[in-house]
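The values are calculated or read from the model by the stated rules, or taken from the named source; none is laboratory data. Computed from a predicted structure; not experimentally measured. Using ideal geometry, Cβ is built from the backbone for each residue, glycine included, and neighbour counts are taken over all protein chains shown. Areas reflect the complete protein model, heavy atoms only, side chains present, ligands, DNA and RNA absent. Shrake-Rupley method; radii C 1.70, N 1.55, O 1.52, S 1.80 Å.
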Amino acid sequence: MPVASPQPVAQTLPRHIAIIMDGNGRWAKARSLPRLVGHQRGAEAVREVVVTCRDMGIGYLTLYAFSSENWKRPATEVGDLMDLLRFFIRRELEQLQKKGVRIRIIGDRERLAPDIIELIDSTQQRTAGNRGLTLVIALNYGSHNEILAACRRLATEAAAGTLDPAAIDENLFRQHLHTADIPDPDLLIRTSGEQRLSNFLLWQAAYAELVFVDTLWPDFGRAQLQAAVAEFQRRERRYGASGE
Ligand code: FPP
């Protein structure tokens, strides 16, 4: 029996990092600033984290920008978040193109403004050939809706007689998710001290290493990301095996 390594280190980088960017509101409140300023600073943090991932050679970065539950927020805040997204994509697109970043948006299109849908489509098309980091923005995204939509599509195919229900396995199921062409996240980070998944990548994160940090999202940058990756590298991933 092999002797257990004293430090079971997965030296490899995570191929896919997913982040729940939390704490913009508390960051602003602590400074007696409007929540919008917290979100604006949050968008700056996005920029730094994207560049860091790209520099580190990370393959995929998925950011939870707007959940299907975020519509419950006041209309002004929803509008501010959508404006920030428009602004971010328009302002950063040229730089992201130069850096070879491919942009993908996942989530439900219903309820999104027509100009946002247009922006998403043109951004995805324009960056589709890039081979650097893939930046996945989860927008109006929720895992329950995603899984239900997959079930509906499979049930429709089965009812039409084009799919044998016995053929539904993990592989076929994942092909019906928004992330069909994206590998599962290896590392999932949530900022601000909260320890929940909040309906984010529930299927995909089955074997992700979870790292919860107290830093509020606007204060999260290169150093914090590198620390989270170092934590990931200290973990031993066993996928249900014993590790012996
Ligand atoms: C959570 O903070 C954050 C959000 C709901 C939105 C995240 C959006 C951004 C970082 C800005 C734009 C995004 C991109 C991709 C450009 P919270 O408001 O829930 O904070 P709180 O829990 O402290 O109130």
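Kindly check whether there is at least one residue in region 3-21 that is under 27 Å from residue 210 (Cα atoms), open to solvent by less than 70 Å² (accessible area, probe 1.4 Å), in a helix (DSSP H, G or I) and at pLDDT 95 or above. No, every residue in region 3-21 fails to be under 27 Å from residue 210 (Cα atoms), open to solvent by less than 70 Å² (accessible area, probe 1.4 Å), in a helix (DSSP H, G or I) and at pLDDT 95 or above. For the residues 142, 100, the requirement of being over 27 Å from residue 78 (Cβ atoms) and not aromatic (Phe, Trp, Tyr) singles out 100.
Considering only residues that are in a helix (DSSP H, G or I) and either touching a Cys at 6+ places or on another chain (Cβ under 7 Å) or open to solvent by 40 Å² or more (accessible area, probe 1.4 Å) (or both), which ones fall in region 152-171?
Answer for region 152-171, where residues must be in a helix (DSSP H, G or I) and either touching a Cys at 6+ places or on another chain (Cβ under 7 Å) or open to solvent by 40 Å² or more (accessible area, probe 1.4 Å) (or both): 152, 153, 155, 156, 157, 159, 165, 166, 167, 170, 171.
Give the number of residues within region 73-98 that are away from the ligand (no atom under 11 Å from the Cβ) and free of Cβ contacts under 8 Å to residues at least 12 places away in the same chain. Matching residues across region 73-98 total 7.
For region 55-64, taking the residues that are surrounded by fewer than 23 Cβ atoms within 10 Å (Cβ to Cβ) and within 15 Å of the ligand (Cβ to nearest atom), the one that is farthest from residue 101 (Cα to Cα) is identified as 63. One residue alone among 153, 190, 196 is under 29 Å from residue 111 (Cβ atoms) and touching a Phe, Trp or Tyr at 6+ places or on another chain (Cβ under 8 Å), and that residue is 190. Residue 187 - would you say it is crowded, with 17+ Cβ neighbours inside 10 Å, under 21 Å from residue 236 (Cβ atoms) and modelled with pLDDT of 95 or more? Taking the combined requirement at face value, the residue satisfies it. Yes or no: residue 148 within 16 Å of the ligand (Cβ to nearest atom), under 26 Å from residue 82 (Cα atoms) and open to solvent by 30 Å² or more (accessible area, probe 1.4 Å)? It is false that residue 148 is within 16 Å of the ligand (Cβ to nearest atom), under 26 Å from residue 82 (Cα atoms) and open to solvent by 30 Å² or more (accessible area, probe 1.4 Å). Of all residues in region 166-175, at least one satisfies being free of Cβ contacts under 8 Å to residues at least 12 places away in the same chain and farther than 30 Å from residue 236 by Cα. Residue check: residue 220 meets all listed conditions (1) within 14 Å of the ligand (Cβ to nearest atom); (2) under 14 Å from the mean Cα position of the chain (by Cα) but one, namely (2). In region 23-54, the residue that is farthest from the ligand (Cβ to nearest atom) out of those that are assigned to a loop (DSSP other than H, G, I, E, B) and open to solvent by 30 Å² or more (accessible area, probe 1.4 Å) is 32.
Annotation: of all residues in region 131-148 being assigned to a helix (DSSP H, G or I) and polar (S, T, N, Q), the one that is nearest to residue 110 (Cα to Cα) is 145. What are the residues in region 84-124 that are open to solvent by 20 Å² or more (accessible area, probe 1.4 Å), of a type in the set (Asp, Glu) and in a helix (DSSP H, G or I), if any? Scanning region 84-124 gives 94, 115, 118, 121. Of all the criteria given as (1) under 15 Å from residue 58 (Cβ atoms); (2) touching a residue at least 40 places away in the same chain (Cβ under 8 Å); (3) touching a strand residue (DSSP E or B) at 6+ places or on another chain (Cβ under 6 Å), the one not satisfied by residue 225 is (3).
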